[in-house]
Each structure stands twice: as C-alpha cells, then as structure tokens.
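The values are calculated or read from the model by the stated rules, or taken from the named source; none is laboratory data. On a predicted model such as this, the values are computed, not experimentally measured, just so you know. Methodologically, a virtual Cβ is constructed for each residue, glycine included, from the backbone with ideal geometry; neighbour enumeration extends over all protein chains shown. Quick note on the areas: whole protein, heavy atoms, side chains included, nothing else; ligands and nucleic acids left out. Shrake-Rupley method; radii C 1.70, N 1.55, O 1.52, S 1.80 Å.
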Amino acid sequence: MEPTPKRRPGELVFNIAIMLASFGLLYSAYGISGFEALSAPGAVPMATTAIMVVCAVVILRQTLRKGADTSQTMAADILPLIVIVTIAMIAAYAVLLRPLGFLPTSVLFLLVMVRFLSRRGWGFCLAVSVGTVFVIWIIFRLIFAVLMPQGIIPEGRIVSAITSLF
Amino acid sequence: MDILSNLLIPIVNLDLLMLIAVGTFAGIYVGAIPGLSVTMAVSILISFTFSWEVYPALALMIGIYMGGVYGGSRTAILLNIPGAPSAIATALDGFPMAQHGRAGEAIGIVTVVSFIGGFIGIFALGAFAPLLSDFAIGFQPRDFMLLAIMGILLVGSLSGDSLVKGIFAGALGIGVGAVGMDPLTIQDRFVFGISELRGGISFVAVMIGLFGVSEALIQLHSIHTPAVRQKITGIIPSWSKVRKHLPLGLQTSTIGTIVGALPGTGGDIAALMAYDHAKRVTRNPETPFGKGAIEGLVAPETANNAAVGGAFIPMLTLGIPGDAVTAIMIGALFIHGLNPGPMLMIEQPDMFWFIVSSLALANVFMLIFGLTGIRLFVRIVELPRTVLLPVIMVLSIVGAYAVNNSLTDVYWMLGFGVLGYFMRLYGYPLAPIILGVILSRLLDDNWRRAIISEREDFGAMMMGIFTSRCRCACSWRW
Amino acid sequence: MRHFVYGAAVVLGLAMPAMAEYPERDIQGIIQWGAGGSTDTVSRSVTPHAEAVLGAKVILQNVTGGVGAIGLNQADRADADGYTLLFGAENPLLYKVMGLGEKDYADFVPINVIARGIPILVAQPDAPFDTFPEMIAYINENPGEVRFGSTGPGGLPSVVTAMINDKTPIDVTAVPYDGDGPALTALQGGAIDVMPAVLGAALEPVRAGNLKAIAIFDSEGVEQLPDVPAITDTNPEFADLLPWGPFFGIFAKAGTPDDVVAKLTDAYGQATQNADFLSMMEGRGFRMLSLTGAEAQEFLDGWQSQTAWILYDAEIAKNSPEDFGISRP
C-alpha cells in the first residue's frame, strides 16, 4: 500500500461518473429479460452489472475518505493540453478516414502530430509521415489485402495498374 | 517405419522446408502487428494456396501459425500493445522490463521459452493425442463454466493495489463481452438501439484502445524525457537462467497444451491461466510481478505456444477444431480433397505425422528467427517519442479498423483508449477488463447451457460439478 | 507498356473517368460468417475459379456478427457498381420475421445460389433409439429428458425441430450453441443427445461411428450414407415440407448495372461447374444448385415463404410474414 494516497484532481468526478454508468448498465441489463429464468440471456449481464454497482459504491466511499491532493492540478497532471489535442486529432482522423481515404488522412495526421510534438522542420515531418504510411500501406493493402477506405485517391486502380505490369 | 518416413517428409523436401521457414518468418510479423491476426493470414492463404498440393499449403499455414503466436509478444514487450490477445499477459511484465532497458533480455527469454512451450505442445500432440482428445471432448458445459470461473478468479492476481477496482474492471469486461446480439437467443444486449452494436464490440479494438492508445496518451506526459537506452548484452539467455525457470515452464506448458486442446478455448486463456499459476507458485521472484518478473514472461509464453500443439489434438484426431486457426485449416483440408474427421488418422496417418514434424520445424525456425534481429528491434523503443507515439497511434487505428473493416471499431478503440487513460490515472488495473472480455462468452454461454441441461435446477447443476472432469483435472492446483 | 502509361497517369492523379470495362479493379467480397465456417470455405474455394474468368481479384473478408446482418448491411451501404459482393447463407431471408433488420436479399440481386445443405438428425452412438419413430416414442415416454442441440432461433436446428413439432409435437430440452460445429462437438462429448445438423458437418463423425445417424431430413436418401433412411421413408407426412435446407449464395446490390451482373453471373456460373469445386462440395455433403437469374429468385422466394411461415406457426418468429408481403406457401 502506498502511504496515505491523496485524491487526485478529477478522481471524484470520474468515480461518480463510473457509479452512475454502472447503475445505468444495471438498469439496461434488467431490461434484457428481467428475472425470467436462471438461463435467461439477461442473467449474467445483471449479475456482472450488479457487481459493478457494488464495487463503484465502495470505490466512491474510499475516494470520499481520501483528502484532496493540492499539489496536483487538472491542467498539469490529468488533462494537459497535449493529451486533449491528441485525442481530438485521433477523433478527427476517424471522422475524415472515410471521406478523404486512408492515404491522405494518415499522412496529414502524422504530419501534424509529429510537427506538433517534435517541433522539427516540415521536411523531416513530411518524410516521416509519408515513409510510415507507405510502409503500412504496403503491408496492409498489398500483402494482406486489407481494404482501407479509398477516398479521394483511386487506390484500387493504382493497385490494378501495378499488378497488371507483371 | 511409416511414421519415420512421414515425419521426414518436410525435412527432406527442400521446398517444404523453405515454405515453413517463410511462413514462420512472416508469422512473426503478422503476430507482432496489432490488427493483423494469424486467423486473417491463414484465411487469405486458403485462396492463395488453392491450386497447390496439400503439403506445401499446410506447411505455409503451420509456419504462420507458429510464428504468429510467438510474434504477439514482440509489440507487447516493446510498445505495451499486445500483437495478439494471447500476448496480453506477456505485456504485464515484458513492457516494464523494456522501460528499464531490458527489452532485449525479455525478447531473448521469451523466444527460448516459447520454443520450449511449443515443443512440449508438439510432443503431447505426437505422443498423447488420442488420450488428450478423449479428455477434451468429454468437457461438459458445466466444466467450461468452472474453467471460466477459475479464469475470473485471476482478477485477484491482476488487480495490483486495489482489489475492488480490479473486480470492477473484471465485471466491466464481462459486460463489454456481452454487448451485441446474443447468438443463443438472438436477443439484443446493451445495444441501446444502435445497429452497429448488434455485432458486439470488437475485442481487438478494446485491447488496442486499453493497452496501446491509453499507454500512448500517458506517455505524452513525459514526451520530452529521452527514451531509455536499451542494453544489448545478455540477449540470449544463459543455460542456468533457462534451467532455473524450466520447472515453471513445464507446468505452464502443460496448462497450455490442455487448454489449447479444449474446443473453444485457446492460447489467450491459456496464457492468462499460466500467468496466474506462475504468480501462485513463485515464492520469491527477483523482481515483483507486474514490474518485470521473468516468471511473468515464462508462464504465458510457454503456455500460448504449447496451446498450438494442443489445438491440433482434437483437430487431427476428431476433426474438431481446437481454436479459430485450426478451424480454418480443417476447411483447407476439405478444399484439398481430404476429409478431416475421426477417420483421418486411420485413412491418412501421413497427414498426422507430416503436421507434427512441420510444427516441430516451424518451432525451430521460430527460435532461429526470433533470436536474430533482436538488437534491431529494441532500437524501436529508443526512437524519440515525438515520432514513435504518432506512429503507434496510426498503427492502432489501422489495426482496429482492419479487424472487421469497420470505422465503428476505431471509435471504440478511441473510447476505450480514453477510458483506459483515466482508469490508469485513478489507479484502476486494466488487465482484468481484457480478462473479462475474453472469458465473457465462455462463462455466460456455458452457464446457460449447464443450467438449461439440468432444466433450471440449480441444485442438480451444483451436484454435477462435484463429479466434474474440470474439477478433477484442476484440483491439483489447489 | 500501355498499362504502364495508364498506371503512371493514374499515379499522377490524372484519373480519367472509368473507360475500361468491368472489372477494372479489385472486387471486394464480404463473407457474412466467420473464418472456417461453411460459408467461408465455400466462398473461398469457388472464388479463385471465378477470378480466373473475371480477370480480377476478389478480395474476401469476413464481416461477422448479428447472424450475418452486419455483413449484409455493409454490402448494402456500398455502391451498386458490382465492386462489392455479398457471400451469404440463408439467414437474411428470416431477418424481417425474426425482427433482426429491415434489409434482406430483396435488396440484392442473386449472382449464384450455389448449393444447398441437407439436414440430418444425429444422436449419440449409445442413444436408446435408432430410427425416427423410435426416437419420437422415446421422447414421448421421457418428456423433457432428451436434450436437443440448437443454434439459436432461426438456425437450422430450430427450423427442423419446428417441422417435427408441426407433425408430431415433442417435449425436448433445447440447449443452445453458437454454431453446428460446437454443438456437434458437444454431442460427441455427451453434453446433448440429439442434434439436427447439416449433413456435411456430421458426415465424418457418423462414418467413424462417433455419432449415430437417425434420419436424413430430406425427401430422398444420400449416396454418402446409403444405409441411413430419408425421413419420408418412415414418416411420409413430412413430404410436403421437404426438400428444405440451408443454402449459400453470392449477391450484388440491387441496382447493379445489368452487364456487370451478367458478367459476374457468367464467371461464378463457370466457377461452380469446376470439377475440383464439385468434388469438394460433394465430399462435404452439399447438393449443388448453381441457380441464376429468375430461377435463383424463385428459389429464394419459395424458401423464404416456407421457412418464415414454419417459424411463425411455431411461435419462434416475432413478426408475421404477412406484414412483409410474404405469402403462405
């Protein structure tokens, strides 16, 4: 055990959210089949969500007993800007993946992220992003025939053009 | 004499030998890259090797299988992203080792013990296949349920500081595993009217999110700390070190072989059970578990490679797949005009011995390819994080997408990545979630089958457990 | 060289409007069921022959879940240009009555209905009955004792059990499994007593004596198991329900240009006649159909109406087939 752990910023909110979500899931599990039978499809979900609720309540009690840690702040230790930006970037990537296609989205994502994190020259960032995406594309698309969203670049025709050369 | 000549087929035919080598090499990378799975690679090979003879086709598939199961440990150790579900337990101690500059040592020992585990599984296949398949096939729903409950109890050893948080995480995992349309009753569970949720939440997306993405987000906090220099000595483990862990390895290989032979359970469950076993029997590890214990690498990696040989046991004796990969191989045998079933060993014993010896060769190639190039691999961890982290994120997204060609899985990956990030910050262990997801169906389905078989009579089912095979088999552990 | 110039032009981003004939790029094939299953094996073994005729690759991927509905919806979301094919089984025809979705094969054009599986009733080797009438008699003497394997509502076992109930009501305990593979494994391990399965999956264990065949659930026997009677031999009352069986087919989205459909139909028509493919299908106990065009559509409609009504009458289906304009056979 750590010596008298302190409550971190946001911990209380997180644990309350977890508890509320557990209650919601228990309600949803009850809705599957109620107390119909031991073999009902809702039996195990109800049991597990009930365990979640009990645990969440215990965790919340423990959290409330702890004193707040005043040496840490939300912005510095829990959600610094860099984390928020990264999460937003991944979300943007997922949103753009279908309309733009795999190749441009990935290059763009890497370009911005590497630049943002490393602050090195654009040339370096471009080389890293194009190189990485090219290698991933070769492995996934050409070797293992995983079709990524095509988007604005007519990948399918490029591949058949390449294969028809042989 | 027949057996010997059949065993020699892949050894004396240079082209078969080459195919096994190529397959094993490719398998290591398939296994290492999250999102590419052995199942996927072997399915593709079905069409690819369609016009081939059956021996070369199988040789390639067997190589990929053996290499792939091993390969999952690479990214688990280096990046904390298990390349495959069976390498989850490996990440628990492997990644902390990498963070202390011992990635090379970790990969070295993993390679050697994978070889040992693989060999024991193959030996069991060659020597005791009929015996073990009789045992495996007799497993009743209540036995599987018991196995799942034993698995769930591992939450205790995966929980770290807070048991109650571990139990919460385990229950959450079981809930996540239940999402979607229940195949037994076609009833929706936790679907909330969203049709994409009908198919469930992709397990690999959850895994990549919880391990890969949340780890990457955590590392952003210390983005400008220079990467840990990796030691490049002591990569190939000394004989005394191997011998020290051999007793444990033999026990966990046995667990792996048996769990692998059971239809419906495979290397992922085997590895986690073996990890738990290691924690139980190791009195004084040099480094505590979860911080870089060698035992924490030996156990899961022997078990998941032993499960390969195990999975072939019911396949070759009865035509019943031991896991997803052997299921596809059964399809491949059909396509090549064979009839895999109980008669295969009688009508075509050559196939059995050919597979045994191909597996053994793949195992040897795995050792060779595994031990070469480690120095190059550990350099990955030394790349500046400012470059490595974005690349990991792209790989995570591509991996999550590739599993089922679904953008929904990418969102799940991100969702679980963010959830995992907060859970890490607030002291929740993440491994129990994965454990719950893996065991969810095994527990839920078999609980229902067991209770339905006894016509809802709970008492009768509990009585049945006292005579259960699983209980007999497992009681030696307690 | 011409290819190279064209390829180079494309690479440079000067993609011209599609002038080349179909197919000018890889085709995506979505398999509704998981790797290693029957649908997967059949799809993957017929496709290489069709690729040879088409002169293009068909990239197959398994999109599983929701009794195949996830894969079907994904194929339905793609453009109707023939570059996305659906490799499916019979299940979508029951989605509407089972309340599993709004889409089914009515939103697709059949390219080829490849083959049909033959249902067979199998039991543990030491079951105290050998024939179908003996089994019914035993079940009636021991109500609720006999455990039937099932694969969830709407699967083959549930339809066959519903057909049996339609003629002679029986009281059995249905134990659900996720697929006939796991259920047959459980049967061999003694966890269940009887299983209505598809012939191909049960053939090998029956031949080895690990399972006992009770009856072929079809209007005629099969050459793979000459000693096993057809159900209509002992119980002619089943004749009006048979033949019935699960099937596999290849589909393109409705609205795909006719010439593309014709090309695909021709390619897969030739592929299903390939000798290797035929012998594999026979070995797995499937009855070849290779239906195309109007014939295929007629088969699908007939199958849907018959099965949907059986399930509705057995109170397994949630919705009445009438709501969807499916008439009683």
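Here are the numbers for this structure:
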| quantity | calculated |
| --- | --- |
| Residue count, segment C:42-97 (criterion: of a type in the set (K, R), farther than 23 Å from C:A317 by Cβ and out of contact with any Gly (no Cβ under 8 Å at 6 or more places or on another chain)) | 2 |
| Residue selected from segment C:98-115 under the condition within 12 Å of another protein chain (Cβ to nearest Cβ) and touching a residue at least 12 places away in the same chain (Cβ under 8 Å), by the criterion surrounded by the most Cβ atoms within 10 Å (Cβ to Cβ) | C:L100 |
| Any pair with Cβ under 6 angstrom, 6 or more apart, that starts in segment B:56-83 at a residue that is of a type in the set (S, T, N, Q) and ends at one that is buried (at least 24 other Cβ atoms within 10 Å of the Cβ) and part of a loop (DSSP other than H, G, I, E, B) | B:T75/B:I81; B:T75/B:G83 |
| Residue within segment B:237-245 that is at pLDDT 90 or above and open to solvent by less than 30 Å² (accessible area, probe 1.4 Å) present | yes |
| Of residues in segment A:66-78 being under 13 Å from B:H221 (Cβ atoms) and among the hydrophobic types (A, V, I, L, M, F, W, C), the one least open to solvent (accessible area, probe 1.4 Å) | A:I78 |
| Members of segment B:180-200 found to be more than 9 Å from chain C (Cβ to nearest Cβ) and crowded, with 24+ Cβ neighbours inside 10 Å, listed by number | B:R189 |
| Any helices (runs of 4 or more DSSP H) falling wholly within segment B:305-418 and containing at least 2 residues that are within 13 Å of another protein chain (Cβ to nearest Cβ), under 30 Å from C:H49 (Cα atoms) and open to solvent by 10 Å² or more (accessible area, probe 1.4 Å) | B:324-335, B:385-404 |
| Only listed residue being over 16 Å from C:V42 (Cβ atoms) and assigned by TED's automatic domain parsing to the domain that holds C:E102, chosen from C:G269, C:G283, C:G255 | C:G255 |
| Helices (runs of 4 or more DSSP H) wholly inside segment B:60-160 containing at least 3 residues that are in contact with a Phe, Trp or Tyr (Cβ under 9 Å, 6 or more places away or on another chain) | B:88-99, B:103-137, B:141-152 |
| Top-ranked residue of segment B:265-289 - restricted to ones that are surrounded by fewer than 24 Cβ atoms within 10 Å (Cβ to Cβ) and not charged (D, E, K, R), ranked as nearest to the chain's Cα centre (by Cα) | B:H277 |
| Residues that are more than 7 Å from every other protein chain (Cβ to nearest Cβ) and over 20 Å from the mean Cα position of the chain (by Cα), drawn from segment C:191-214 | C:I192, C:D193, C:V194, C:V206, C:G209, C:L211, C:K212, C:A213, C:I214 |
| Candidate set from segment B:448-468 (those that are open to solvent by 40 Å² or more (accessible area, probe 1.4 Å) and within 11 Å of chain A (Cβ to nearest Cβ)); member that is farthest from B:G290 (Cα to Cα) | B:R455 |
| Tally of residues being among the hydrophobic types (A, V, I, L, M, F, W, C), assigned to a helix (DSSP H, G or I) and surrounded by fewer than 18 Cβ atoms within 10 Å (Cβ to Cβ) across segment C:280-297 | 1 |
| Residue in segment C:126-137 that is open to solvent by less than 30 Å² (accessible area, probe 1.4 Å) and within 26 Å of B:M315 (Cβ to Cβ) present | yes |
| Condition met for A:L81 (out of contact with any helix residue (DSSP H, G or I) (no Cβ under 6 Å at 6 or more places or on another chain) and surrounded by fewer than 19 Cβ atoms within 10 Å (Cβ to Cβ)) | yes |
| Residue count for segment C:71-96, restricted to those that are within 12 Å of the chain's Cα centre (by Cα) and either open to solvent by 10 Å² or more (accessible area, probe 1.4 Å) or under 20 Å from A:R98 (Cβ atoms) (or both) | 2 |
| Qualifying residue in segment B:2-16 (condition: of a type outside the set (D, E, K, R), within 14 Å of chain C (Cβ to nearest Cβ), more than 16 Å from B:M351 (Cβ to Cβ) and open to solvent by 40 Å² or more (accessible area, probe 1.4 Å)) | no |
| Set C:A262, C:A317: member being without any contact (Cβ under 8 Å) to a residue 12 or more places away in the chain and either part of a loop (DSSP other than H, G, I, E, B) or open to solvent by 20 Å² or more (accessible area, probe 1.4 Å) (or both) | C:A262 |
| Qualifying residue in segment B:331-347 (condition: touching a Leu at 6+ places or on another chain (Cβ under 8 Å) and within 30 Å of B:A91 (Cα to Cα)) | no |
| Which listed residue is within 7 Å of another protein chain (Cβ to nearest Cβ), modelled with pLDDT of 90 or more, part of a helix (DSSP H, G or I) and open to solvent by 60 Å² or more (accessible area, probe 1.4 Å), from A:I51, A:I59 | A:I51 |
| Exclusive hit being touching a helix residue (DSSP H, G or I) at 6+ places or on another chain (Cβ under 6 Å) and acidic (D, E), set C:D130, C:D104 | C:D104 |
| So A:P99, is it in a helix (DSSP H, G or I), more than 7 Å from chain B (Cβ to nearest Cβ), over 24 Å from B:S162 (Cβ atoms) and open to solvent by less than 40 Å² (accessible area, probe 1.4 Å) | no |
| Filter pass, A:A37 being among the aliphatic types (A, V, I, L, M), surrounded by fewer than 20 Cβ atoms within 10 Å (Cβ to Cβ) and within 10 Å of chain B (Cβ to nearest Cβ) | yes |
| Scope segment A:84-96; condition open to solvent by less than 20 Å² (accessible area, probe 1.4 Å) and either more than 14 Å from B:I223 (Cα to Cα) or charged (D, E, K, R) (or both); matching residues | A:I90, A:Y93, A:A94 |
| Qualifying residue in segment A:106-113 (condition: surrounded by fewer than 17 Cβ atoms within 10 Å (Cβ to Cβ) and not hydrophobic (A, V, I, L, M, F, W, C)) | no |
| Exclusive hit being farther than 30 Å from B:I64 by Cβ, in a helix (DSSP H, G or I), more than 7 Å from chain B (Cβ to nearest Cβ) and not aromatic (F, W, Y), set A:V85, A:V135, A:V114 | A:V85 |
| Of all residues making up segment A:151-164, the number that are in contact (Cβ under 8 Å) with a residue 40 or more places away in the chain and either crowded, with 19+ Cβ neighbours inside 10 Å or at the interface with chain C (Cβ under 7 Å from one of its Cβ atoms) (or both) | 1 |
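For every residue, the table says whether it meets (1) open to solvent by less than 30 Å² (accessible area, probe 1.4 Å); (2) assigned to a helix (DSSP H, G or I).
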position	(1), (2)
C:P169	no, no
C:G181	no, yes
C:L184	yes, yes
C:A202	yes, yes
C:V206	yes, yes
C:A213	yes, no
C:Q224	no, no
C:D227	no, no
